[in-house]
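The structure appears right after this line, and notes come after that.
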Amino acid sequence: MRSRGLARLVSVVMLGTMLSACSGEDDPLSRIHAYDPSRPGAPTASGGTQEPPPKPVARPWRAGMRQYGIAVYWERNTKDSDQTVRAKARRILDWVVSTGANSVSLSYPFTMSGITSSRINDDGPMTPTAGQIGIVLEEARARRLRAALRPILSEKNLTAKDPKAWRGTIAPADRDEWFASYAAMISKYAKPAQTFGAASIIVATELNSMERDRRWSRVTKAAAQVFRGELGYSANHDRLPGSMPISGVVKSVDAYPPVNLPDSATVAQLTAALDAWLEANTVGATPELVLAEVAIGARRGAYKKPFSTAPNGPLVPRIQQRWFDATCELMRRRDLGGIYYWMINFDADPRTVKPTAAAPMDFVGGESVGNVRACFARPAERKSGT
């Protein structure tokens, strides 16, 4: 949803301010392990031996299991060296493992100069390089996390020219040129995905105005020449029927459906409402479907607008907690492929970050982390075994 871009911007600005003041043990570089995932136990440049490998997930994902995931959002910090990127990756991924997750998705932005631009830009200051993506994927593999890459169109340039614009309303003047540049981007990032064992690439997210175009086959073919894993598309909550008509693309959904329930709604009531939404938007069993983004503001009135990042008074943690419980129950009731709780910022220190009334959708460091852990503590094996 469009409004989540504002939350990303607020989080990045706040975290950037916090990190610029960090020193000593708060500096991610001060906690970097001397661990090379490809050479555990090898000597270091300083003459000692490397730290032992990081703690892996207790039960790594395999076919027939649900994806229990945390979504990470990463806007590149141009001042970060590769060593700093690795340190931040280790800090974040160690926390992901601590939640009981077996999966992680890595969302990162690319840009367009405007809503009618015929090219995408993946070389701007916001977008991590392919080499940096490889560093994070290498660290995920070292922890035996199932990893998914998820490039997402930033709305900053779009809304600067039209406040009502969002990634779902783009209208490239030359679609052939747009798809050619998009395919080149996906191919570039497919290389580290293949090298470091990513399980999937979500080739696009919430591109409503583009999703019915059969030229997506050019993108998926370009990716498949490099990447042997799963290719997917993440649809908006109201776009499940008929989105992305290209064979071989696995569908996921950014699950922000409005439900007409009061703040006092129980988990059972919320689960029933979410089940009705899915029933109305799917046909038959949906064993491959993954809830790619699950989030909601811990604030009054959030159930009617779960996609809204706007503050509305003090934090009300139980609203977020019940939503998290209900979406987890929906996943199990429907035997879906998995769930990803949105999100932790790549620059965050999960030991110190806390939700605030100004950013009510944040959950890391808050009471809802316990609900995430409770969801992930249940058996991941699926009824369908697929």
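Here is how the numbers come out for the structure above:
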| item | result |
| --- | --- |
| Flag if Arg144 is assigned to a helix (DSSP H, G or I), out of contact with any Gly (no Cβ under 9 Å at 6 or more places or on another chain) and closer than 24 Å to Thr195 by Cβ | no |
| Checklist (1) crowded, with 23+ Cβ neighbours inside 10 Å; (2) part of a loop (DSSP other than H, G, I, E, B); (3) of a type outside the set (A, V, I, L, M); (4) in contact with a strand residue (DSSP E or B) (Cβ under 9 Å, 6 or more places away or on another chain) applied to Phe307, failing item | (1) |
| Tabulated pairs, segment 61-86, first modelled with pLDDT of 95 or more, second among the acidic types (Asp, Glu) and assigned to a strand (DSSP E or B), C-beta under 8 angstrom, 6+ apart or interchain | Gly64/Glu381; Met65/Glu381; Arg66/Glu381; Ala71/Glu293 |
| Among the residues listed as Val219, Val226, Val253, the single one being modelled with pLDDT of 95 or more and either polar (S, T, N, Q) or part of a strand (DSSP E or B) (or both) | Val253 |
| Pairs with Cβ under 8 Å, 6+ apart, first in segment 224-251 and farther than 18 Å from Pro151 by Cβ, second basic (Lys, Arg) and part of a loop (DSSP other than H, G, I, E, B) | Gly242/Arg212; Pro245/Arg212; Pro245/Arg214 |
| Neighbours by Cβ (under 9 Å, 6+ apart or cross-chain): first from segment 104-120, at pLDDT below 95; second surrounded by fewer than 22 Cβ atoms within 10 Å (Cβ to Cβ) and among the aliphatic types (A, V, I, L, M) | none |
| Count of residues meeting criterion [surrounded by 18 or more Cβ atoms within 10 Å (Cβ to Cβ) and more than 19 Å from Ser368 (Cα to Cα)] in segment 282-304 | 2 |
| Residue tally, condition assigned to a loop (DSSP other than H, G, I, E, B) and β-branched (Val, Ile, Thr), over segment 49-86 | 2 |
| Condition broken by Trp178, with the remaining ones in (1) outside any loop (DSSP other than H, G, I, E, B); (2) among the aromatic types (Phe, Trp, Tyr); (3) within 22 Å of the chain's Cα centre (by Cα) satisfied | (3) |
| Options Ser200, Ser181, Ser187: the member that is in contact with an Asp or Glu (Cβ under 6 Å, 6 or more places away or on another chain) and either buried (at least 24 other Cβ atoms within 10 Å of the Cβ) or of a type in the set (S, T, N, Q) (or both) | Ser200 |
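The values are calculated or read from the model by the stated rules, or taken from the named source; none is laboratory data. Everything numeric in this text was worked out from a predicted model, so none of it was measured. Positions of Cβ are backbone-derived with ideal geometry, glycine not excepted, and every protein chain shown enters the neighbour counts.
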